Each structure stands twice: as C-alpha cells, then as structure tokens.
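Read-outs: derived from the displayed coordinates by stated rules, not from any lab. These numbers come from a predicted model, not from an experiment. Cβ sites come from the backbone with ideal geometry, for glycine too, and all protein chains shown count toward neighbours.
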Amino acid sequence: MTLQATITDVTERIIDRSKDTRATYLDRMARAAEEGPRRAHLTCGNQAHAYAAAGPDQGDLAHGKQPNLGIVTAFNDMLSAHQPFERFPDLIRKAARENGATAQVAGGVPAMCDGVTQGQVGMELSLFSRDVIALAAGVALSHNVFDAALYLGVCDKIVPGLVIGAATFGYIPAIFLPAGPMTSGLPNDEKSAIRQKFAAGEVGREELMKAEMASYHGPGTCTFYGTANSNQMLMEFMGLHLPGASFVNPNTPLRDALTAAGVARATEITQMGNDYRPAAHVLDEKAFVNGIVGLMATGGSTNLLIHLPAMARAAGIQLDLEDFADISSVVPLMAKVYPNGLADVNHFHAAGGLTYMIGELLDAGLLHDDTLTVMGSGLGDYVKEPKLRGSEVVWEDADRSTLNDKILRPASDPFQKTGGLADLKGNLGRGAMKVSAVKPEHHVIEAPCRIFQDQEAVKTAFRNGEFTEDTVVVVRFQGPRANGMPELHSLTPTLAVLQDRGLKVALVTDGRMSGASGKVPACIHVSPEAALGGPIARLRDGDVVRVDPESGTLEVIDVDLDAREPATADLSGNGHGVGRELFEVFRQNVGLASHGAGVVV
C-alpha cells in the first residue's frame, strides 16, 4: 500500500527540521558503538566490583564472552501497574542463562502514581519525575557493563523517562518489557457516574470509596485508556515491545513467556551477535510518526503531546504540535475505550487490539512499514499475535476482523474520520484540544471567561453556585515554570456536571489534563504559560473567549491584550513542602510545554 500523502509530508518535514540535530546525535551514537562491548574498556578492578555479588553468573561475567543485559526497573509495590515487576528480575536472569547470557539489575528509577497524587500537592512533582527517571536510568547504565538494556516501566512519566534514557544510551539495544493491565473491575462509566454524583453532593464519601476500590482492585495497569495504556500502545507502534505484548494481564503464563521471549530477543540483537539493533536506529523519525498515528487512531492520552516531543529530542528529532494535528486530520479514530467509550483496555484487547489496528493502518497506508523494530524490519511482524505453545511463545497470523465493532472498527469505517486532536492558535497563544470524547455540539464555545489560579478555587465557586451561565473557565499559573504543571483531572467531574445541566463550558489552561480527560472541551498546555507573561496572563474576568477546535482558534474577542499588564501570582508557596524544595532548579530551567517541557534534554 502506498503511504498516505500527509503521512509522507509530515515525515519529510520532521526529517528536514531535525536534519542537524539528528545527524549530531547519530554521529555521537556511532562513535560510542565503535568502542565495541563496553566491558572491554574496564579494568579488572572495575569489573570485579560489578560482578562481586553475581553468584552463579560471576564466572561468565568475568570471561565477558556472552551478552550481559542491564535491567532498569521502576518496580515498587505502591503502583498497581508496577507491582508485578517484583518477579521480573528472577524471570529475566533465568531466561538469560537459558539463552547463553547474563542479566543484572542495573538500577532502579522512581515511579510515582498520578492516581494517588491527583488533586494533591505531590502532583506538582509528577511531570518533573520524567526527567528524574531519565537521569536515574543514566546513572544505572553508566557502569558500562551492559550490552543491551531491558526497561521495566508502564505508567505515565515512567515510560517517557525510560525512553529518554534509552535514547541517551542509544548505542546499545533497548527492549521494553510491560507488566500488563489489571483484570476488569467496576465499569469505568459507573465509576465516573459516582464521581459526578459525589461532586454534586448526591452521594457521600463511603459510596465514592466503594466505587473507587471496585475499579482499582488488583495488580496491573488501570484499565481505562489513559496515559499508562497509551504508553504501552506507543511502545508497540514504535517497535520497542515484542508484538502483542502490551495488554496481556500480569502473572499469567503468557505474560511470563513474553517476558522470557523479550530476554531471548535482547540476547540476539546486541553488538556481540549478527543482528545488532541499537536503540538509536529503532528510535528514528518514522518510528515517532508511527507512534503519533497510533495515538490518534486509539484516541490516546493528551499527555503524550508533551512526552513525545521530549522523547524525540533525546534522539535528535524535533516534533511540533503541527505534526500531531496534521496526522490527526488523516488518521481515523478506530477505538472506543474509556473515556472515549464504555469499554476498558481488556475489552479492546479481546476485540483484536493493537494487532488488528496495526494491520488496518498498514493496509490503509497510514503507517511506515519499513521501520527497524526490536523484532524485525517493519511493522508487519506486529500483525501477528503471541500464542502460548507449551511454555514457549509463537507468533501466529491474527484474525483480520474486529470481534466487537462497538469497541474496535476498521480504518475504512471508523468511529470518526479523524483522530480528534486540534492545534489551537490565536491571540491567547497556542494550545491543544482532544475532541475524540467530546460530542460535536460541545466542540465550539464562545462565552465570558472566569479566571482562577488553581483548581480548588474552581470547585469552591461551583459549590457556591457561581456558575449560572455559559462560561470559559480559565485556570492559569499551572504551567511547568509556575508549579511543575500538575494535572487538573479533578476538574473533570465538576465541569461535566455543569455541562450536563445544559451550560456550555470549556476549560482553558496552561496546565495539563489527565490521560483520562473526557467529555468537556479543554484547551490545554497553553503556551507561553502565564508565569512567563504569556497572553493568558492578560485575560480578565468577563472577557469573551472563543475556543474552536474546528477552525483551530483560541482567542479573546475585541480585547487589546498588548494594552494590559500581565497578571502576576504569588508562587512562593509552590517552592516547599512534599519535596518541592528539591525541584526549584527544574522549575527555573524547564522548557516550554510545546517543546516537551523538558529539563534534561
């Protein structure tokens, strides 16, 4: 199938834009690779320290004639998605030995749960944790004793941080080993309904807690299609997972067999073998375009609009919001997974999942089929699905029809003809809006604005009955420079109640919404942010704001913003408590949200 013209144009635009930075990056990786296996450059004393506690693997490591795999793990047992990783090092070491290799835990990286910190002060560390994870991965791999790296991570900032680390050490191969989603619990729409009733004061905290515990009930990723599961999709579309690995439940025979298969594959693609596949070559411009296509086709998390540019920059590639919007305009929305629908990710996987979707998108000419992946050359390998035969994984041709067209539909007959992502520009700056879960009648709003400086103030105004007319709610001083750009997910139930009451409402913010943001129109990541004196800082209560994803417009009507001084905020309280003191250097040096809000790249 011929590649669709817009996909071709966007790819060529990215290649041209990135020409110099990508060349510099690849040259640096090539020079590192020329040094050969890293252990060869260590002294005997260096190596002895690295192998002292390796037990039965000590002799093999000392001789250095077989691959040694470094495990970078984000395990902790507070995150349901990461708790299964507790078993992985032993599984990996066993599989490595069976394949004539060794494996060591190179280091751990922090992993925080946005579900725990939603609406809490700790959320102000969340985005910056991505850069800490990249730094920690760098420390883990700095010992130079590894021929490939296995990355154990699932959730929101963890996978992007690990990818930045993998790109930085791009001269060695990288394989990501997922843990899988928890089994289905309370349906997401029922959980959402209880949250809205609680926000409206119709049910108490006991009923809310019961619903939440029934939804988040066991090990594995949360089952809605938020950032964590969008990350897993991304790793498969970009060729860093084994085919079909993303959504197999934890602690099952197939999950363990896929982990072992990932280890076996890692031993085959090091520089010591005949199929060398360094991460730098997997993470190319076409792989990132494929990732964006997957994001649009699945209706994935808006957080990836920040993370993908940051990941790409680590590999010398420059992405722009325009790339996302243009790809969205030609990629159909093929999935309806909560919050875009009622199904959860287990239902999506059972209906055909990523295997079906990748096949459809390849046939439609919407994916590059000639990318280098950890499995082979091209995404054709990812149209096969893993099956357990005894204790081994084999990949077999998948059913090329959807098994539930209410969840997953073909590219020729999608839920929507576009991916539902809009690039909004105007005299208020630039932002993004995900409209795949927003009903068409709510897409465009022009109304007086109310200005707030945090989400609690919005909820207080709601409880006081202050929203009685159509309103554009503006929440500013929530960008990375101001307070680390916490998610404003707890606003969703409040604004949804207003919308259900018949008001036209929208959110405009320089902050983030969750990957679970849904039916209320929200123009997010507005840049430049208020803390940098961006136009959003010059708005005043009552100004009429137009938010229009159909025309790509974000503007204030009949106001001369240049004639106004930007508002300022007392941000001194953002600098201390719950570890915020440690991140002052991050707040002072963070880049624009539109460039990935990066600190380390």
Spin-label pair Asn404/His41, simplified geometry with 7 Å Cα→Cβ offset, distance in nm: 5.1 nm
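How charged is the neighbourhood of Arg277? Take every other residue with its Cβ under 14 Å from the Cβ of Arg277, and add Lys/Arg as +1 and Asp/Glu as -1.
Numbers: positive: Arg265; negative: Asp147, Glu268, Asp275, Asp284, Asp381.
Spelling it out: positives minus negatives among the neighbours equals -4.
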So for the pair Gln120, Ala52, with labels modelled 7 Å out along Cα→Cβ, what separation do we get in nm? 3.8 nm
Per the rule of 0.36 nm per residue minus the C-alpha distance, extending Gln588 to Asp9 adds in nm 204.8 nm
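Rank the residues His525, His82, His281 as a footprinting-exposure proxy: fewest other Cβ atoms within 10 Å of their Cβ go first.
His281, His82, His525
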Find the Cα radius of gyration of the chain, compare it with 2.2 N^0.38 Å by division, and give the number to two decimals. 0.94
Within 10 Å of each candidate Cβ there may be at most 16 other Cβ atoms; applying that plus a DSSP loop requirement, which GluC sites (Glu not before Pro) in region 12-68 survive? Glu34, Glu35
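Where does each of Asp363, Asp256, Asp27 land when they are ranked from fewest to most other beta-carbon atoms within 10 angstrom?
Starting with the residue having the fewest Cβ neighbours, the order is Asp27, Asp363, Asp256.
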In percent, what relative contact order does region 421-595 have, based on Cα pairs under 8 Å that are 6 or more apart in sequence? 29 percent
Averaging sequence separations of C-alpha pairs under 8 Å and six or more residues apart, then dividing by the length of region 441-526, give the relative contact order as a whole percent. 30 percent
Summed residue charge, Cβ within 12 Å of Pro178's Cβ, Lys/Arg positive, Asp/Glu negative: 0
Length-normalised contact order of the chain in % [C-alpha pairs under 8 Å, at least 6 apart]: 15 percent
Ranked by Cβ crowding within 10 angstrom, fewest neighbours first, how are Ser391, Ser490, Ser230, Ser246 ordered? Ser391, Ser490, Ser230, Ser246
Can you give the log10 of the normalised intensity I(q)/I(0) at q = 0.12, 0.20, 0.22 Å⁻¹, computed with Debye over equal Cα scatterers of region 66-132? -0.42, -0.82, -0.91
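Could you give the alpha-carbon Rg of region 421-595 over 2.2 N^0.38 Å, rounded to two decimals?
Working: Rg = 15.3 Å, N = 175, 2.2 N^0.38 = 15.7 Å.
Expressed relative to 2.2 N^0.38 Å, the Cα Rg reads 0.98.
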If you add up the charges near Val154, with Lys and Arg at +1 and Asp and Glu at -1, over every other residue whose beta carbon is less than 14 angstrom from its beta carbon, what do you get? -2
Which GluC sites (Glu not before Pro) from region 64-154 combine a DSSP loop assignment with at most 13 other Cβ atoms within 10 Å? none
I'd like the distance separating the alpha-carbon centroids of region 502-543 and region 4-31, in whole Å. 32 Å
Given R₀ = 51 Å, what would the calculated FRET efficiency be for Lys439 paired with Arg97, taking r from the Cβ atoms and rounding to 0.05? 0.40
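Between Arg564 and Thr183, take the C-beta separation as r, use R0 = 51 Å, and let me know the FRET efficiency to the nearest 0.05.
0.40
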Distance between region 415-440 and region 195-255 - C-alpha centres, whole angstrom: 24 Å
Give the residue list of GluC sites (Glu not before Pro) in region 514-601 that are DSSP loop and have at most 10 other beta-carbon atoms within 10 angstrom. Glu550
Return the distance in nm (one decimal) between the two label points of a simple spin-label model at Thr24 and Asp320, each offset 7 Å from Cα along Cα→Cβ. 1.9 nm
